[in-house]
Each structure stands twice: as structure tokens, then as C-alpha cells.
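Scroll down for the structure; my scribbles are underneath it.
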Amino acid sequence: MSIPLSWFIILATVLFGIGAFGVLIRRNVLIMFMCVELMLNAANLALVGFARELKDVGGEATVFFVLVVAAAEVVVGLGIVVAIFRRRRSAVADELSEMGG
Amino acid sequence: MTNLTMPSISYWALSPILFMLLGGVLLMAVAALSRRALPPVVSTGLTLFAGTGALVFSLIERHHVASSKATTTVAGAIAIDGLSVVIAVTVSCSVLLATCFGHRYLERMHIAGAEYHVLALTSASGAMIMAAANDLVVLFLGLEILSIALYVLVALNRSSAKSEEAALKYFILGGFSSAIFVFGIAFTYGATGSTNLQVIAQSLAASVAAKPGILLVGLALLLVGFCFKVAAVPFHLWTPDVYEGAPTPVTGFMAAVAKTGGFAALIRVLLAGLPTARSTWTPALYAIAIVTLFGGALLMVVQRDVKRMLAYSSINHAGFIFLGILAATSAGVSADLFYLFTYSIAAIGTFGILTMLASENDDDSTIDRYRGLVHNHPVLTGCLAVLVLAQAGVPLTTGFLAKFGVVEAATGTGAIPLAILAMVSAAIAAFAYLRFVLSLYAGTPEEAVSLDLDGATRAPLAGIAVGLTVAVTVFFGIFPATLLDFVRVAADHLLP
């Protein structure tokens, strides 16, 4: 007996929701990064789930591209955080309010 | 075990993208291997060479597309058609101009080096890949190549706290929107069984979608991802801060290239991949277009900072470009391509002049700072006025024809209310543009301050670039036939 597609999709959606919610309410930049990663991995899970249902390797191959992109994003993101931390000794988004928004 | 077959790759068709990307890689290698810091002339020269190469090859390619027909390469993942070549031309021009404006600025801010040029070339290749992408995965990769390079470009001015703050905001919201976009790709793939836009279009045309709910979720998430990238209301919140905080030449580059790439991809996904779902996406896009038009125009009026004002102006322009997509006709697409080209030129020119007048640390760009500019810099003020008025849509400039084109395309499909609302928003925005231009000419010569810091306005390369942007804006505003032909042939050769 195999696990039905809907289980994968529901799990992926829940993870995606937790990630999105986290980005919107958490104020520590590093935790916001982690939430973005969670969203990307939820998308990966959905891709694998659909690929298994469709019996098509295209979706599984896409996951590798997403993983590489996520890694590249983290490299740049942490670079920016380190630059900010050196100047202000903090990584809390609310303290970044030099400009209007 | 099956043999792995390599798809046939037409390197000739990819040449504009390869020129950009390999130019960036080569410059990076040269900068890393040279013992002493690379002279700015070398990095600027190499970038101009790569940009010119991409421009020439995309013009030749456009000639081929116009005389034969659209094709795909790399197993259908890359489309070589009118849309991709016209966008390649637009992006190449943007890179050339941004390089000219960056040259003197980088020295002034003490960030001279190859980074700016390498990142600009890389992100430009990302925008060109987005425009050529015929597969959602390739589209995503193009989007990320564009965005990740832009995050670093925004953070480039290390001595400015604003630049870092803008980079972080851009990065968090950009990453958030990318994640939404990937989730949308996953659901679209799940509903249609493919990520290739042609296959998606065929499977949607052949049958009522097997999983309409999943397709709907996928489509909505893709739209949200796109709206973040092109700065449509209500997903525009990052725009003013990022435009204000980014180094000024980067802001101009971002306004042109990110918008061009985002809209090119949106046009292809909606009109080539999901035309059968048109009744689904039209109402959503209609609503977004209206709030984007008015959100941009109304918030523009209350800004005290030029870069923030131009940020809201770019949001208003995004609303106009939606009009062409909503028309979903060949006239709409060619009007959009015309709009993207002329807006790119005018925006880079405007930010380019602001670059030449930038304050010591490039962190003061209030409107009051430019008051009475005409008394010390009459020629530059004239150029700035022309470019700003072009964005406002004043006749005899390309801005007027661009707005006219999309509004005409919208009325052609019966969207009269939308066209009227667009024109009302343009009138509101025109007030803000005019107020800025008038303040440039206000005041007495005695109270005017010279903004020529470190002789920045006597930069020959930037001067030539300003001349070119003004010439293009006025010339094609009076004799638009060549440019209109150029984009029309392209729109006729869009892949189905």
C-alpha cells in the first residue's frame, strides 16, 4: 500500500504555510532566512510528490535546481547579514529603520 | 539502462546570453588573477565590449527571427522568438548605459573594481534567460540569476548603512517571493504534468484540467511571485526602500532590467503557456492593474525623496504594462515591448543624471536638494527635465507613445474603463513629475548650490550616455516608425 498523493501535498502546504507565517511575524533575520528555506523545501516536497504520482522524473530533477539556488541564496544572504552585523551588532529587522518602510 | 541523450544546443541562438554571462565570468577571472587591482578602464571596457557583443548578436538574431520563424533549442527549454530577441536588445542597451554611468561613480564612492560590472553582466544574462525561457524551471533559474546578482549590487556601497538595509529588505522579500514562485511551479507541474510551457498549453487545451483546484493554486502563486518581482501593488512594499537605499546607478539598472525581465517572463507564461486559462487570470490581473496604477500615482505625489518618487513612478509604469498583457493581443504585446524599451532608456537616463549629482556618500536624494539646479547645471537640468517628462508621458517623447500604445491596445479589446482609469492615474502622476521639474527651475541663482562634487558632472562617459538616452527618447518620440516596426515584427513572431 502506498501513501496517497494528498498526504504529500497537505504536508507540503502545511510546511509552506509555517514558513510563510514565520517570515511575516518573526523579527530575527536569521530565523526569517530559515523560514524561506522551509518554504523552498516545502516546494521540493510537493515537486517530488507530484513527480511520483505522474511517474515522471522531471519534477525530481527540478528539486536539484531548487536546492542549488537555495544554497546560492543563503551565501549571499549571510554575506549581507554579516555586513550589517559588523556595523550594528544586531540582526533584528525592526532596528533596520533608517528608511520609511 | 537507457542511454542518456544530449539535446541539441544551438549555441548561435544562445549567443547574446553567452556573451553577457561569459563576459562576466571572464572579467571576474581577470580581476581575480591580476596581481594589482584592475584599472577601472579595463573593467569598464571589457563590460562595454560584452554588452556591445550581446547587442550586435541579438540584433542579428532578431533579423533571422523576423525573416524565418520562431524556434526552440535545448530540448524546447529556450525559445528564440520575437519576445526573447527584443528583450535581449533592451537589456543589452540597459547594461551599456548602466556601465557608462557607473564608471565615474564607482571611483567617487571608493568601490571601484570589477564587482559592479561582473554582477551587472550576470544579472542582465538572467533577465535575458527569463525572456527566452520556455520552461518554468529555466524561467526560475533566470529569475534567480537576475535576483541574486541584484541583491549584491544593492549592497555594493559598503560605507552606506542605507545600502545594506536596502539589500537585506530586498533579499528577504525577494527570497520570499522566489519561494512562492517555486511552490507555484510545483502545483502547475502537478496539474499539467510538465514544466514546459508548450506542453502545458497543449494539455490545458486538450482537456479540462484533471485537477482544476491544483492548477488554480499554482496559477495564483505564480502570479504573486511575478507581482513581487515587477513591483505591483499590493506586493510593492520593498520597492521604495530598495530604490532609495541602493547605489543610484544600481537603482536605474534595477528599474530597467528587473522590470523588463519580469514582464517578459510574465507575458510568455500567461500568453504562451496559459492562454486557455485566460478567463481565470484576467480578473485577478485586472484588479492588480488598477490598484498598481493608482497606488503608484497617488503615493508618488506625497514623496519628499526623488528616488522614492521614481520608485512609485516605476510602480505606476508597471500598471500601464499590465494593460498590454490584459489585452492579450499581438498589439498589446508589441505595445508592451515598446513600453519596456522606452521606459528602460528613460529610467536609466534619469537615475544616471542623479548618479552624476549624487551626494558624497550617495545617501541624500531629497527633492529639495535639487532645487534651483538649473542655475549651476543648465544642460544637465534640461536633460533631466526631458527624461522625467518622458516618464510623465508628455507628447513628442517616447513616453507618450508608449502610454498611447498600451491604452490603445486595451481599448481595442473593449477594456474602456481600464483605459480611462489608466489615463486618470497618469494625470495624477504627471502632477508629481511636473512639480519636480518646476523645482529644478525654481529659486534664484544666489541660493542655488552646485552639486558638482569631485567634478562628477564632467565625466565624459556618463555625459555621452545622458546624450544618448535623451536623443533616443526625443528622436523615437517624434519618428517612432523604426522602433514600432522593430517591436511589431517581434510580437508577430511570438511562439504560440
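Note that chain B carries a Kirkwood radius of 22.5 Å, evaluated over its alpha carbons pair by pair.
Rounded if a/c is under 1.5, else prolate if a/b beats b/c, else oblate: with a ≥ b ≥ c from the C-alpha gyration tensor eigenvalues square-rooted, which is region B:61-176? Verdict is oblate for region B:61-176. Rounded to the nearest 10 degrees, the inclination of helix B:398-412 to the longest alpha-carbon principal axis of chain B is 30 degrees. Using only side-chain charges placed at the Cβ, +1 for Lys and Arg and -1 for Asp and Glu, the dipole size of chain A relative to its Cα centre rounds to 360 debye.
Would you please classify the overall shape of region B:39-95 from the alpha carbon gyration tensor, given that a ≥ b ≥ c denote the square roots of the eigenvalues, rounded means a/c under 1.5, and beyond that prolate means a/b larger than b/c while oblate covers the rest? Prolate. Legend: ranking of residues B:Y343, B:Y441 from fewest to most surrounding C-beta atoms inside 10 Å; resulting order B:Y441, B:Y343. Computed on region B:381-496, with alpha-carbon pairs under 8 angstrom and 6+ residues apart, the relative contact order is 39 percent. Taking Cα atoms only, the orientation of helix B:416-440 departs from the longest principal axis of chain B by about 20 degrees. Working note: Karplus 6.51/-1.76/1.60 with θ = phi - 60° gives region B:63-75 the couplings 4, 5, 4, 5, 8, 10, 8, 5, 10, 10, 9, 6, 6 Hz, where Gly and Pro are set to x.
Sequentially through region B:301-313, phi angles give Karplus couplings (6.51, -1.76, 1.60; θ = phi - 60°) of 5, 8, 7, 10, 10, 5, 5, 5, 4, 5, 5, 5, 4 Hz, Gly and Pro residues having no value and appearing as x.
Coordinate range of the alpha-carbon atoms in the protein assembly as shown per principal axis, descending: 86, 56, 44 Å.
A cut-off of 5 Å between modelled amide H atoms, ignoring neighbours fewer than 5 places along the same chain, links B:D305 with B:I367. Sequentially through region A:34-39, phi angles give Karplus couplings (6.51, -1.76, 1.60; θ = phi - 60°) of 4, 5, 4, 4, 4, 5 Hz, Gly and Pro residues having no value and appearing as x. The packing ranking, built from the mean of other Cβ atoms within 10 Å per residue, places the peptides B:74-80, B:273-279 in the order B:74-80, B:273-279, highest first. Centre-to-centre separation between the Cα atoms of region B:30-52 and those of region B:366-413: 34 Å. Computed from the Cβ-Cβ distance with R0 of 41 Å, the FRET efficiency linking B:D454 to B:A206 stands at 0.05. Relative contact order, whole percent, for region B:1-122 stands at 38, derived from Cα pairs under 8 Å and 6 or more residues apart. Compactness ratio for region B:151-254: Cα radius of gyration over 2.2 N^0.38 Å (N = residue count) comes to 1.37. Note on region A:5-89: dipole from Cβ charges, positive end direction compared against A:A20, A:L38, A:I84; the farthest Cα belongs to A:I84.
The relative contact order of chain B, computed from alpha carbon pairs under 8 Å that lie at least 6 residues apart in sequence, is 17 percent.
A cut-off of 5 Å between modelled amide H atoms, ignoring neighbours fewer than 5 places along the same chain, links B:G372 with B:L440, B:Y441, B:A442.
Scanning chain B for GluC sites (Glu not before Pro) lying in DSSP loops with no more than 16 further Cβ atoms inside 10 Å, the longest uninterrupted stretch between such sites is B:1-359. Apply the Debye scattering formula to region B:168-325, with a single equal point scatterer on each alpha-carbon and no solvent, then give log10 I(q)/I(0) at q = 0.10, 0.11, 0.18, 0.20 Å⁻¹. Calculated log10 I(q)/I(0) at the listed q: -0.38, -0.45, -1.04, -1.21. What FRET efficiency would be calculated for the residue pair A:T13, B:M423, taking the C-beta separation as r and a Förster radius of 51 Å, to the nearest 0.05? About 0.75, to the nearest 0.05. Distance between the 7 Å Cα→Cβ label points at A:R86 and B:L484: 5.4 nm. Quick one: Debye curve from the C-alpha atoms of region A:5-89, no solvent, what's log10 I(q)/I(0) at q = 0.11, 0.18, 0.22, 0.24 Å⁻¹? Calculated log10 I(q)/I(0) at the listed q: -0.37, -0.80, -1.01, -1.10.
Estimated from the Cβ-Cβ distance and a Förster radius of 45 angstrom, the FRET efficiency linking B:V30 and B:D368 is about 0.55. Length gained on full extension, B:T71 to B:V474: 141.6 nm, using 0.36 nm per residue less the C-alpha separation.
Counting only Cβ charges, +1 for Lys and Arg and -1 for Asp and Glu, the dipole size of the protein assembly as shown around its Cα centre is about 280 debye.
Around the amide H of B:I78, modelled in the peptide plane, lie the amide H atoms of B:T73, B:N134, all under 5 Å away and 5 or more residues distant in sequence or on another chain.
No value in this document is a laboratory result; all are computed from the given coordinates. Everything numeric in this text was worked out from a predicted model, so none of it was measured. Cβ sites come from the backbone with ideal geometry, for glycine too, and all protein chains shown count toward neighbours.
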